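Participant: Please see the structure below; I have some questions.
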Amino acid sequence: MFEQTKALCQAFLDMGIPGFDLIVYKDGECILRHMGGYADLENKIPVRGKEKYHIYSCSKLFTCVAAMQLWEKGLFSLEDPVARYLPAFGEMTVKTENGIQKAKNPILIRQLFQMTAGLNYDLQTPALREYYEACQRRCPTVELVNVIAKTPLEFEPGEGWHYSLCHDVLAALVEVLSGEKFEVYVKKHIFDPLGMVHSDFLHPIEDWEGFARQYRYVEATGEYQPWWKNTYRPGREYASGGAGCVSTVEDYIKFLEALLGEKLLKQQTIAMMATDALTEKQRAMYTYQTPSIGYGLGMRAPRQDPEHTEFGWGGAAGAFASVDPVNKLTIYYAQHVLTAPNRSLRRWLYTTVRGDLTGKKVQIPGVEVNYDLDITY
């Protein structure tokens, strides 16, 4: 069983991906655990299923769920200006044809969820580099996010879609609203209740015990170079809500399964998050240029296609998370390769799993991968 899904995973290995780990649940039961290749290519250590990974942007789902827990408690409105809770965002500037101008509109909290605030993903601005030196790379979460507010916006809030540090700002918002460090809040309200004992937003930067070795694919040479850094975590005290979590496959599937019930949020809240909310102008700038995939409150959302009923997101090193509430199906896939040659093919895992379960033959067209993308979905 699962011949098509296993064939797709084998194709990833054939492309040179060192190793992978895939888990699929249906109706609350594990129906597939499939892994292959090496957790450490140089030393020929096989993937064993217990490895830790930098999950990069799959961190965003934790952050958005944490924030919506506070929304359910009535601690904020999605239409509140961010500056009400993070005053550094009160006087924003924006790039225009006539140079840097004062922004006309405030950033709303809803726009942080939807990636429509106008922020970018530049963690090396002059203001940030100066801050890193001044704080000696401590970078407490709220402090660093306040410096992000000094960066001019790419467009007026709400007028476009741009993959950015929006969910890092959302993590700082969780910290301010909850009165707890962001990483403490997530541990207490998500990780601990679900038994996710191997997940952490502030994993010690130099502690690599138990990790799958991380690589960076170099298109020009076809090489897989060891690359331990997580460049989206610029300091030891920075809990990046957008890209800073470390987790395992067995931990993460517990989180996805919880999104099918009400362990973390009410089902109507999850349904709202998984509803496409993009305007046509925003959609033209969106990562997924396909009619079946929209974007909701911090996650990929189903749109138009009745056969495509999943939501989720992915990560820069190859993580792929999928929740299908209609078919009671969850999927989590992990690998540890930045700029990987298969990054445009990961979303087909949902299609092949569905095809294997229903007996439908899946045709996967050749996809030209763009290695110049400056996003980390």
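The values are calculated or read from the model by the stated rules, or taken from the named source; none is laboratory data. The shown structure was predicted, so the numbers you read here are calculated from the model rather than taken from an experiment. Positions of Cβ are backbone-derived with ideal geometry, glycine not excepted, and every protein chain shown enters the neighbour counts. Only protein heavy atoms, including side chains, enter the accessible area calculation; ligands, DNA and RNA are left aside. Shrake-Rupley method; radii C 1.70, N 1.55, O 1.52, S 1.80 Å.
Participant: Quickly work out the Asp14-to-Ala271 label distance, labels modelled 7 Å from Cα along the C-beta direction, and quote it in nm with one decimal.
Facilitator: Going by the 7 Å Cα→Cβ label model, 4.2 nm.
Participant: Something else: Taking θ = phi - 60°, what integer Hz values does the Karplus form 6.51 cos²θ - 1.76 cosθ + 1.60 yield along region 44-56, in sequence order, with x for Gly and Pro?
Facilitator: Ordered by residue, 3J(HN,Hα) equals 6, 8, x, 5, 10, x, 10, 5, 8, 9, 6, 9, 6 Hz.
Participant: Rounded to a whole number, what % of the accessible area of the chain do carbon and sulfur atoms account for, probe 1.4 Å?
Facilitator: Carbon and sulfur atoms account for 51 percent of the accessible area of the chain.
Participant: Quick one: Cα centre-to-centre distance for region 217-259 and region 80-107, in angstrom?
Facilitator: Cα centroid to Cα centroid, the span is 30 Å.
Participant: Starting from the alpha-carbon convex hull of region 148-195, give the projected area averaged over all orientations, in nm².
Facilitator: The directionally averaged projection comes out at 4.5 nm².
Participant: Quote the FRET efficiency, to the nearest 0.05, computed for Asp40 versus Ala134 with a Förster distance R0 of 35 Å and r equal to the Cβ-Cβ distance.
Facilitator: That gives a FRET efficiency of 0.40.
Participant: Let me ask another. What does region 262-306 give for Rg and for Dmax, in Å, if only its C-alpha atoms count?
Facilitator: Computed over the Cα atoms of region 262-306, radius of gyration and Dmax are 11.4, 36 Å.
Participant: Hull surface divided by four, with the convex hull built on the Cα atoms of region 1-127: how many nm²?
Facilitator: 13.8 nm²
Participant: Under 1.5 on a/c is rounded, so check that first for region 226-314, then, if it is not, pick prolate when a/b is larger than b/c and oblate when it is not; a ≥ b ≥ c are the square roots of the alpha carbon gyration tensor eigenvalues.
Facilitator: It is oblate, given that a/c is not under 1.5 and a/b is not larger than b/c.
Participant: Tell me whether region 249-377 comes out rounded, prolate or oblate; compute the Cα gyration tensor, take square roots of the eigenvalues as a ≥ b ≥ c, and use a/c under 1.5 as the rounded threshold.
Facilitator: Taking the square roots of the gyration eigenvalues as a ≥ b ≥ c, region 249-377 is rounded.
Participant: For Val145, Val362, give the ranking by accessible area with the largest first, probe 1.4 Å.
Facilitator: So the residues, ranked largest to smallest area, are Val362, Val145.
Participant: Summing +1 for each Lys or Arg and -1 for each Asp or Glu, what net charge is found among the other residues whose Cβ lies under 12 Å from the Cβ of Gln111?
Facilitator: Here the count lands on -3.
Participant: Also, quick follow-up: Quick check on the chain: what are the equivalent-ellipsoid semi-axes from the Cα gyration tensor, as sqrt(5λ), descending, whole Å?
Facilitator: 31, 23, 21
Participant: Let me ask you something else. How much accessible area per residue does the chain have, counting only protein heavy atoms and a probe of 1.4 Å, in square angstrom?
Facilitator: Result: 41 Å² per residue.
Participant: Here's something else I'd like to know. Scan the chain and note any complete DSSP helix (H) whose C-alpha atoms cover at least 24 Å along its axis and whose Kyte-Doolittle average is 1.6 or more.
Facilitator: None pass (Cα extent of 24 Å or more, hydropathy at least 1.6).
Participant: To continue, here is another question. Based on DSSP H runs of at least 4 residues, each adding -39500 (n - 2.57), what is the mean residue ellipticity at 222 nm of the chain after dividing by all its residues, to the nearest 500 deg cm²/dmol?
Facilitator: -7500 deg cm²/dmol
Participant: Largest first, please: the extent of the C-alpha atoms of region 287-348 along each principal axis, to the nearest Å.
Facilitator: Taking the Cα atoms of region 287-348, the three principal extents are 32, 25, 21 Å.
Participant: Amide H to amide H, which residues 5 or more places from Gly19 or on other chains are under 5 Å from it, using H placed in the peptide plane?
Facilitator: Tyr38, His336
Participant: P(r) of region 111-268 in 10 Å steps, Cα pairs, percent per bin?
Facilitator: The distribution over region 111-268 is 10, 31, 36, 21, 2, given as percents.
Participant: For Thr93, list long-range residues whose amide hydrogen, built 1.01 Å from N in the peptide plane, is under 5 Å from its own amide hydrogen.
Facilitator: Under 5 Å from the amide H of Thr93: Ala103, Leu153.
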